[in-house]
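These notes are about the structure you will find just below.
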Amino acid sequence: MIQLGLIGYPLGHSLSPLIHNAALESCGLQGNYSLFPKHPDDQQGLKELLARVRSGEIHGLNVTIPHKQNVIPLLDELTATAKAIRAVNTISMQNGKLTGDNTDVPGFLTDLKRFLAIEIRMHPGPTGNAGAGGDTKSALVLGAGGSARAVAYALVKDGWGVTISTRRLEQAQDLVTQFPYPNSRILAIDYHSTALHSLFSTLSLIVNTTPLGMSPNIDISPWLEKLSFPSDSAVYDLVYNPRETKLVRDARVAGLPATTGLGMLIEQAALAFEIWTACSPPRETLWNALNSEN
């Protein structure tokens, strides 16, 4: 029996069990995926859970807020991606070492490209915005936490220019200062600054990495009401509960292509599952598992 699970707090609305149990079934594997809620201060609980991975009792763990950085000192090794962004979302035993990886990076980029490719097919021509395939790709990332690190890292590696914007400028500046690619096109800007407007003429993509708009606070958006959306941008909201966030809804009303992070959730989960089992589950099966619960 393959034992898998998720560390985080709280975990009441997690969709991960649906995704991973569908993955187990599709790959013909016997096992289950459990939730392990651990309070932010429960360091001993984290140690005990990771000891179960070392012993082989648990075969793999996902990690979500608030433990993506908390687990790092308890691991033996980090992959290059996890080390670069200083955040872990997948734990496994690799060559006898407790190893931390981050599948948020490839998961986000894969789903972003899928989303942009669909939009370009549907809206060819100058409004095939989103910068996909263009010479200059410029993205605005809202937020400066662990998810913002993963998104910025993915975008920069894919050739995008990235601006980090938060309500507290020092948070954005800290992320830029710590970024692993000193020569990359990444900068910080105050979310309330009029300088933000100067980006709009070249902006291809807006990515929300904050929890604003997440259930139960579904009437909140990270986008300031006084700001109009840039006319040639696409919007990607990492929040996936509800299925249509206020940010996505408002962007669509303004005529912009927009999506939530549900596709990223599925991609990062599938990649983690492959690390644990060497089986790549069909994405359609994972989507169907979520849609059947909707």
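The values are calculated or read from the model by the stated rules, or taken from the named source; none is laboratory data. Small disclaimer: the values here were computed from a predicted structure and weren't measured. Methodologically, a virtual Cβ is constructed for each residue, glycine included, from the backbone with ideal geometry; neighbour enumeration extends over all protein chains shown.
Overview of values
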quantity	calculated
Residue within the range 61-77 that is touching a residue at least 24 places away in the same chain (Cβ under 8 Å), closer than 21 Å to T210 by Cβ, among the charged types (D, E, K, R) and not assigned by TED's automatic domain parsing to the domain that holds Y236 present	yes
Members of the range 5-26 found to be under 24 Å from S55 (Cα atoms), surrounded by 17 or more Cβ atoms within 10 Å (Cβ to Cβ) and over 20 Å from the mean Cα position of the chain (by Cα), listed by number	L24
Residues that are of a type in the set (D, E, K, R) and either at positive phi or without any contact (Cβ under 8 Å) to a residue 12 or more places away in the chain (or both), drawn from the range 230-254	R249, R252
Selected residue (only one of V88, V63 is touching a Gly at 6+ places or on another chain (Cβ under 6 Å) and either crowded, with 17+ Cβ neighbours inside 10 Å or farther than 24 Å from A278 by Cβ (or both))	V88
Residue within the range 203-213 that is over 18 Å from the mean Cα position of the chain (by Cα) and either farther than 20 Å from A87 by Cα or part of a loop (DSSP other than H, G, I, E, B) (or both) present	yes
When residues of the range 92-112 are limited to those that are charged (D, E, K, R) and under 14 Å from the mean Cα position of the chain (by Cα), the one surrounded by the most Cβ atoms within 10 Å (Cβ to Cβ)	D104
Residue list for the range 133-186, restricted to those being among the aliphatic types (A, V, I, L, M), surrounded by fewer than 21 Cβ atoms within 10 Å (Cβ to Cβ) and at pLDDT 85 or above	V156
